[in-house]
Amino acid sequence: RFDAALAGTGAAAFVADVLKGELGLSGVVIGHDFHFGRGREGTPAMLEALCAENGLACRIVPAVAAGGGEAPVSSSAIRTALEAGEVATANHLLGYRWFVEGEVRHGDKRGRTLGFPTANVALESCALAHGIYAVRVRLGDGRVRDGVASYGRRPTFDDGAPLLETYLFDFSGDLYGQRIAVEFVGFIRGEERFDSAEALVARMHEDAAEARRLLAEDRTPSMLG
């Protein structure tokens, strides 16, 4: 259990008492920038030495770059890209397209009146930039469909809780209660507030056309199929 006592354990005691004594490990594998112990005092080099003293194997994994000369791949770099809406960058760092899964829930049905019925999924603790994205969606029956998705608070209408709203191209059917996966292929624009529903609908048609273009140009196999 990570409590105050464990957080205050020094690096040497952590290896001898916790890793070897309590857990009975025979070896550890860490990343090149791993730190541990009270105040993050333990470095990879220190862990290697302490493991040797305690009869444990220690393997340090070097940094991994997405391409020659690039910065190391890291979870923080991926999160930063998603927070900026740069899904192409996040996908490049991940080595696959970032995707989310969730159950389609009932909404206010506003999309139907606008001519864009959507599958709505609430995302917990999601730092994705609010905006419009070209996506691919795996339905509950395994079929994969192209679409355009909006993630945000709907400032033109209610400015409510963040919601992922996905419009599937050339699709009709009831998805309520189904668990779907939404794969993000490209960023189209940030979330905007429009002066009227008519202005929003006009822009939605443009967004859908741009999403179709991005998806048609995309040559990377979907991970959802």
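The values are calculated or read from the model by the stated rules, or taken from the named source; none is laboratory data. None of the values given here were measured: they were computed from a predicted structure. No Cβ is skipped: glycine too gets one built from the backbone with ideal geometry, and neighbour counts run over all protein chains shown. Calculation scope for accessible area: heavy atoms of the full protein, side chains included, ligands and nucleic acids excluded. Shrake-Rupley method; radii C 1.70, N 1.55, O 1.52, S 1.80 Å.
Of the conditions (1) at pLDDT below 90; (2) open to solvent by less than 50 Å² (accessible area, probe 1.4 Å); (3) aliphatic (A, V, I, L, M), Val137 satisfies every one except a single condition; which number is it?
(1)
Could you run through the range 8-18 and say how many residues are open to solvent by 40 Å² or more (accessible area, probe 1.4 Å) and over 13 Å from Met46 (Cβ atoms)?
Within the range 8-18, residues that are open to solvent by 40 Å² or more (accessible area, probe 1.4 Å) and over 13 Å from Met46 (Cβ atoms) number 1.
When you scan the range 158-177, do you find a residue that is open to solvent by less than 20 Å² (accessible area, probe 1.4 Å), touching a residue at least 40 places away in the same chain (Cβ under 8 Å) and in contact with a Ser or Thr (Cβ under 6 Å, 6 or more places away or on another chain), even just one?
yes
Please determine, by comparing only the residues of the range 178-194 that are within 18 Å of Ile132 (Cα to Cα) and among the charged types (D, E, K, R), which one is most open to solvent (accessible area, probe 1.4 Å).
For the range 178-194, the residue satisfying everything is Arg193.
Applying the selection to the range 204-225, what residues are open to solvent by 90 Å² or more (accessible area, probe 1.4 Å) and part of a helix (DSSP H, G or I)?
His205, Glu206, Arg212, Arg213, Glu217
Here is a list of conditions, (1) more than 24 Å from Arg79 (Cβ to Cβ); (2) open to solvent by less than 40 Å² (accessible area, probe 1.4 Å); (3) in a loop (DSSP other than H, G, I, E, B); (4) not aliphatic (A, V, I, L, M), and Gly147 meets all of them except one; can you say which number that is?
Tallying (1) more than 24 Å from Arg79 (Cβ to Cβ); (2) open to solvent by less than 40 Å² (accessible area, probe 1.4 Å); (3) in a loop (DSSP other than H, G, I, E, B); (4) not aliphatic (A, V, I, L, M), Gly147 fails exactly one: (3).
Checking Asp33 against (1) surrounded by 15 or more Cβ atoms within 10 Å (Cβ to Cβ); (2) over 30 Å from Gly190 (Cα atoms), only one condition comes out false. Which one?
(1)
Taking Ala5 as meeting all but one of (1) modelled with pLDDT under 95; (2) in a loop (DSSP other than H, G, I, E, B); (3) surrounded by fewer than 15 Cβ atoms within 10 Å (Cβ to Cβ), write down the number of the exception.
(2)
What are the residues in the range 43-90 that are surrounded by 14 or more Cβ atoms within 10 Å (Cβ to Cβ), of a type in the set (Asp, Glu) and farther than 24 Å from Ala127 by Cα, if any?
Correct list: Glu48 only.
Take the residues in the range 172-196 that are of a type in the set (Phe, Trp, Tyr) and touching a helix residue (DSSP H, G or I) at 6+ places or on another chain (Cβ under 8 Å), then tell me which one is nearest to Met223 (Cα to Cα). Reasoning before the result, please.
Residues of the range 172-196 of a type in the set (Phe, Trp, Tyr): 176, 184, 187, 194.
Imposing the further condition that a residue be touching a helix residue (DSSP H, G or I) at 6+ places or on another chain (Cβ under 8 Å) reduces the set to 184, 187, 194.
Details: Phe184: 11, Phe187: 18, Phe194: 35 Å.
Filtering the range 172-196 for residues that are of a type in the set (Phe, Trp, Tyr) and touching a helix residue (DSSP H, G or I) at 6+ places or on another chain (Cβ under 8 Å), the one nearest to Met223 (Cα to Cα) comes out as Phe184.
Picking from Gly69, Gly85, Gly39, which residue would you name as being modelled with pLDDT under 90 and of a type outside the set (A, V, I, L, M, F, W, C)?
Values: Gly85 fails: modelled with pLDDT under 90; Gly39 fails: modelled with pLDDT under 90.
When all the criteria are applied, what remains is Gly69.
Of all residues in the range 127-169, which are on the phi > 0 side of the Ramachandran plot and among the charged types (D, E, K, R)?
Those that are on the phi > 0 side of the Ramachandran plot and among the charged types (D, E, K, R): Arg154, Asp159.
Is there any pair linking a residue in the range 208-222 that is modelled with pLDDT under 95 to one that is surrounded by fewer than 16 Cβ atoms within 10 Å (Cβ to Cβ), with Cβ under 7 Å and at least six apart or on different chains, and which?
Taking only residues 6 or more apart or on different chains, the pairs are Ser222/Val144.
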